[in-house]
Number of protein chains: 2
Amino acid sequence: MSNNVCKGTSRIAGCRFSVHPMTDDFVNVILSALKEVDTSKVWLETDDVSTCVRGKIAHVFDVTEAIFSHAAKTGHHVAFSGTYSIGCPGDTDGDVYMAENNRKLNTPIAINQYAACDFALYPLGSDSYMDKIMEQIEAAKQRGLTVEGIHYATKLKGEADDIFTTLENAFTATQEHNDHVVMTASISANSPSHQKGEDDE
Amino acid sequence: MSNNVCKGTSRIAGCRFSVHPMTDDFVNVILSALKEVDTSKVWLETDDVSTCVRGKIAHVFDVTEAIFSHAAKTGHHVAFSGTYSIGCPGDTDGDVYMAENNRKLNTPIAINQYAACDFALYPLGSDSYMDKIMEQIEAAKQRGLTVEGIHYATKLKGEADDIFTTLENAFTATQEHNDHVVMTASISANSPSHQKGEDDE
Ligand SMILES: [Ca+2]
């Protein structure tokens with residue numbers, strides 16, 4: 001469990017995540033989403049529980065957003081659960097990917113894709129980051145997202161693209177002032193509960 | 001985002017989680033799992049992304065294990081993603097549940113249920129907890145679980161019941177020495193990837 005006690009030296013970022021399509025056809029949804037995404041700027045490994053991508057912040061968010069978006073565009077109820085981390089190298093597996101430039105390889109495809117997201121940001125070993133987070137919350141509202149404080153998390157609702165922008169900016173801003181940052185995100189699309197919520201509003 | 005800067009005063013624990021059955025019948029799997037679980041010793045709230053349970057540590061783990069187990073026994077590929085937290089009250093909604101005794105209300109039903117779990121433990125604002133975690137890793141091995149360090153997490157494989165015991169004990173031991181502890185867990189059952197992995201071994 002060296003991941004929990006490391007001191008960040010490399011600025012390689014990573015995300016360990018799962019995509020869960022709630023359909024009998026889940027294998028095809030996952031495999032075709034993975035096939036449509038350009039992952040050549042990240043280190044990537046998949047096992048029986050999750051997938052881990054590592055590299056520059058921009059590409060970690062690019063790839064996770066693209067995989068979620070491709071799965072969501074099938075119309076199936078899809079959930080993404082991920083933990084983004086930085087400042088916890090442990091090894092040098094992915095260091096070669098830090099030489100990539102910041103140009104994202106995947107173009108946004110989740111146009112008009114409603115989604116809801118619970119996220120929580122943990123700058124480990126730091127107390128003085130509320131200003132940065134409040135700036136990101138304000139920026140999320142400016143993008144048109146609904147923002148709500150809930151137990152243990154903050155809920156974002158709106159365009160999937162705006163949600164991922166908010167997550168990436170919040171993570172990026174926080175890690176500028178903290179060696180080790182962890183952010184959890186659970187994102188849901190095409191849920192029957194979403195439709196009910198939207199009708200009710 | 002007061003959840004991120006609180007100092008723990010109440011010892012109420014909580015878990016924000018989602019259960020994702022990868023079947024067209026996902027709504028029935030979730031609803032019937034919830035119906036079969038006795039949640040009377042926890043505060044509970046469900047929204048469009050996740051469910052939050054709060055109360056004593058024993059009951060938070062009892063209820064989350066029971067919901068996962070009931071969903072898994074349907075035989076469908078089921079994934080559980082949750083974040084367990086303690087030391088972050090923010091409010092007093094669930095405080096009445098802290099008066100419950102520790103007797104768990106749900107009996108183990110996941111007999112012979114293979115599962116795999118990625119978990120990570122974050123004692124916020126602390127560096128000196130490796131001994132406690134190593135004790136828990138050792139105990140997990142004694143239970144017969146396979147334990148493997150992976151990027152950003154530790155992987156457990158074996159009986160679902162043993163996995164939840166390990167999670168509960170690791171969380172309990174760590175929070176005895178840290179005000180604010182967060183633990184993420186992604187648990188998967190009945191996955192086609194699991195079967196492949198088991199055959200390969
Ligand atoms: Ca148990």
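Coordinate-derived values only; no laboratory data. If you're wondering where the values come from, they're calculated on a predicted model, not measured in any experiment. Glycine gets a Cβ as well: all are built from the backbone with ideal geometry, and neighbour counts include every protein chain shown.
Data table
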read-out: Reachable lysines from A:LYS104, criterion Cα separation under 25 angstrom, eight or more residues apart if same chain; value: A:LYS35, A:LYS41, A:LYS56, A:LYS73, A:LYS132, A:LYS141, A:LYS157
read-out: Taking segment B:24-125 and dividing mean pair separation by its residue count, relative contact order in percent (alpha carbons under 8 Å, at least six apart); value: 32 percent
read-out: CD proxy at 222 nm, helix term only [per DSSP H run n ≥ 4: -39500 (n - 2.57); per residue of chain A; nearest 500]; value: -10000 deg cm²/dmol
read-out: Karplus-derived 3J(HN,Hα), 6.51/-1.76/1.60, for each residue of segment B:23-29, Hz, glycine and proline x; value: 8, 4, 8, 4, 5, 5, 4
read-out: Share of pairwise Cα separations in the protein assembly as shown, more than 33 Å, in percent; value: 25 percent
read-out: Size of electric dipole in segment A:112-178: Cβ of Lys, Arg +1 and of Asp, Glu -1, about Cα centre, debye, nearest 20; value: 160 debye
read-out: Part-to-part distance (alpha-carbon centres) for segment A:150-190 and segment B:15-32, which is given in Å; value: 24 Å
read-out: Radius 11 Å from Cβ of A:ASP24, net charge of other residues (Lys, Arg +1; Asp, Glu -1); value: -3
read-out: Volume in Å³ per residue [convex hull over Cα atoms, computed for chain B]; value: 126 Å³
read-out: Chain B: most fluctuating residue of B:HIS151, B:HIS177, B:HIS76 per GNM, C-alpha cutoff 10 Å; value: B:HIS151
read-out: Selection from B:ALA79, A:HIS76, A:GLY144, by position along the positive dipole direction of the protein assembly as shown (Cβ); value: A:GLY144
